[in-house]
Amino acid sequence: MPYRYHCHACHTESELCSWPGQARAVRREHRRIAHGGMRPAAGDRIAHATPSVRGPAWTAGVLLALIVLRELTGIEPADIARALGLL
Ligand SMILES: [Zn+2]
């Protein structure tokens, strides 16, 4: 579950962070640069963020392409992975 840092004083938010520690580092850096290391009076928070749909969409696209490739050519995805040195 990704996380995002929000600063209510600056009306800004961070990019998605993969884990809470990364979001806390963003918060620490933002407080240092924008607020002299202090907690903004208007508050800030780290919250769960909705994951991007790009990751699952890419995965679904690759799987669909592999299925179409197998149906059209008979080449199994494992054979392609072996040819690329992935297996
Ligand atoms: Zn701020």
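Charge tally around G43: other residues with Cβ under 14 Å, Lys/Arg +1 each, Asp/Glu -1 each, net +2. Other residues with beta-carbon under 14 Å from the beta-carbon of L87 carry, at +1 per Lys or Arg and -1 per Asp or Glu, a net charge of -1.
Over the chain, all Cα pairs binned in 10 Å intervals from 0 give whole-percent P(r) values of 16, 29, 16, 16, 14, 8, 1, listed from short to long. Legend note: in the chain, cysteines whose Cβ sits 4.7 Å or more from every other cysteine Cβ are C17. For the chain, the carbon plus sulfur part of the accessible surface works out to 60%, probe radius 1.4 Å. A DSSP coil position with no more than 15 other Cβ atoms inside 10 Å describes none of the trypsin sites (Lys or Arg not before Pro) in region 33-82. Taken along its principal axes, the alpha carbon cloud of region 3-48 reaches lengths of 25, 16, 12 Å, longest axis first. If you add up the charges near C7, with Lys and Arg at +1 and Asp and Glu at -1, over every other residue whose beta carbon is less than 14 angstrom from its beta carbon, what do you get? My count for the surroundings of C7 gives +4.
Surface exposure of the chain, expressed per residue as accessible area with a 1.4 Å probe, stands at 75 Å².
The values are calculated or read from the model by the stated rules, or taken from the named source; none is laboratory data. Values in this document were obtained by computation on a predicted structure and should not be read as measured data. Heads up, the Cβs are rebuilt from the backbone with ideal geometry, glycines too, and the neighbour counts pull from every protein chain shown. To get the accessible areas, we keep the full protein, side chains included, count just its heavy atoms, and leave off ligands, DNA and RNA. Shrake-Rupley method; radii C 1.70, N 1.55, O 1.52, S 1.80 Å.
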